[in-house]
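Before any comments, here is the structure.
Just so it is clear, none of the values below were taken in a lab; they were calculated from the coordinates. These figures come from a predicted structure and were not determined experimentally. We place every Cβ from the backbone using ideal geometry, glycine too, and count neighbours over all the protein chains shown.
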Amino acid sequence: MAGEVKKSGKMTVFRTDRHEDVAAMVLVGCLVVIVLCYMAFIVPTVTVGAPMDGKLVAVAVTESGMVKKGEPLYSFEVKEKKWSQGKVEEKLVVREIKSAAGGKVLKIVAKPGDELKKGKPIVVLEHEKGTLP
Amino acid sequence: MEDKGVFGKIIAILPGLALMVGTLWVLRTWVEPWMANTVLFGQKGWLVKVLSLNYILLAIIVGMLYRNLLFGGKIPAWAEEGFRTTRLFIKAGVIMLGSLYTIQSLAKVGGIAILLIMTFVFGTIFFVMFLGRLMGMDRSLIGVMAAACGVCGVSAAVATSPAVKAKPSDVALVIATILGFGIMTMFVSPFVGKALQMSDYQFGAWVGTGILNSGQVLATCLAFNPTIAPGTAVAYGEIWNVVRVISIPFVVFFITMWFWRAEAQAEHLSLAGILKDKFPIFVIGFFGMTFLSSVGAIGAEGSNTLHLMRDVMSWIFGIGLVGQGAYIDIREIKTAGGKPLKVGLAAGCLKYVVALLVVMFFVSKESSF
């Protein structure tokens, strides 16, 4: 009976903690491999969205054009605020967003001058198979 | 279990596991978005912003409700095997947490900030270990409390618990203690900061060091200065808080070593022997993920790949936390006594006051980074 009570309190289906540790690492290893393979080889297109609220200044790529990893995709204007001496100083900063992987530009969803909320799509890419977008 | 065979064991796991996954799916798909859009006290998303109710906390709460209300205090036989996968998911989630950090991210914050935060983290851990042993607390409970008070509450408590074999009720006690302390400091700190004419940088540094929970650091900084922007209290508080969070693997490793060293002495075994046989090797997996993240093998920061990876991680953690909640027996908490509360409050207050003194005397009003 005491054994049953002890067993009912256990949070594991494994024989030992070491088995459970190995199982956890195997599980994570499998999940990482699945995610990486899915993103590298299976996912057909990726949508690159606005990194934060702001304005699209310029798009550096063209539809049906090719882009390499690290090349600029678009410029994005964001409002940076600096709190100094009890006052908020705001300034507009233009950031260049680069491509995480090489590939073909399928579609440009937004146009320069658009005010976009964080996550709103800007560019749709068909990345090179085997790379991580 | 023994007579079922591998296939039978997997079948036995499915009902309980399905309940855990289904619960999390409902929480993430329906409940959390509903809370984010609900207007309470004239504020949209009050439940999320003020009470910090996210799917993680909800998962634990619903798990607790399952056991203590729905199941009448005991997980039923049909769900028991599934709920026993809890620790597997928690450990897998902790391993995946390693992907949040890079060796480079530490370098950005500055040596002095790191030194100060680490001093407070490990100083608090030593204090909790000393006081806990003085008061005769259980070693597992001391380990979890030390991690929670030293680093940043819930994450550290959850990350340390499997390594020191803590019971779910221990983790629940620790979380309740530090969250209670955090709520108190959330209301007091902004008044102290204004009264002492602290700058945003000083206030952020103090709160980021002295308050135990990440969400409460955020809320306290916003109460002091509601502006969310670089150079405000919340920006500085979060930087200091992030450094503290980064120390989780080191803290888990240190506390694990402390716990298992004493086990070795108790069993008259060598430390090397006990580490070889019992050291929780999933911690190595955590560092493995940090290494992969540092070399960019799991996608660049901001990439769709890393976004998906973190989404998977949040699901793994969430499933484990539904189970974790279901192993919290409220009757056990009631019988645990007031020692953890005393130790937690003593450590929290000491850290809070000493951090204030250090910041006031040694940290300049202007930011150094």
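Taken along its three principal axes, the alpha carbon spread of the range B:1-84 comes to 58, 24, 14 Å, from the longest extent down to the shortest.
Across the options B:29, B:7, B:72, the greatest Cα extent toward the positive end of the charge dipole of the range B:1-84 (unit charges at beta carbon of Lys, Arg, Asp, Glu) belongs to B:29.
The slack between residue B:133 and residue B:194, meaning 0.36 nm per residue of separation minus the straight C-alpha distance, is 18.2 nm. At 0.36 nm per residue, and after removing the present C-alpha to C-alpha distance, how many nm does the segment from residue A:16 to residue A:69 gain when stretched out fully? Full-extension gain reported as 14.5 nm.
Full extension from residue A:30 to residue A:104: what is 0.36 nm times the residue separation minus their Cα-Cα distance, to one decimal in nm?
Working: separation 74, 0.36 × 74 = 26.64 nm, distance 2.94 nm.
Gain on extension, residue A:30 to residue A:104, equals 23.7 nm.
Karplus-derived 3J(HN,Hα) values for the range A:97-110, using 6.51 cos²θ - 1.76 cosθ + 1.60 with θ = phi - 60°, are 9, 9, 7, 6, 8, x, x, 9, 7, 7, 8, 10, 7, 9 Hz; glycine and proline are entered as x.
What residues of the range A:10-48 lie in the reach of a label at residue B:308, counting those whose backbone N is under 13 Å from a point 7 Å from the Cα along Cα→Cβ? From the range A:10-48, the list is A:31-47.
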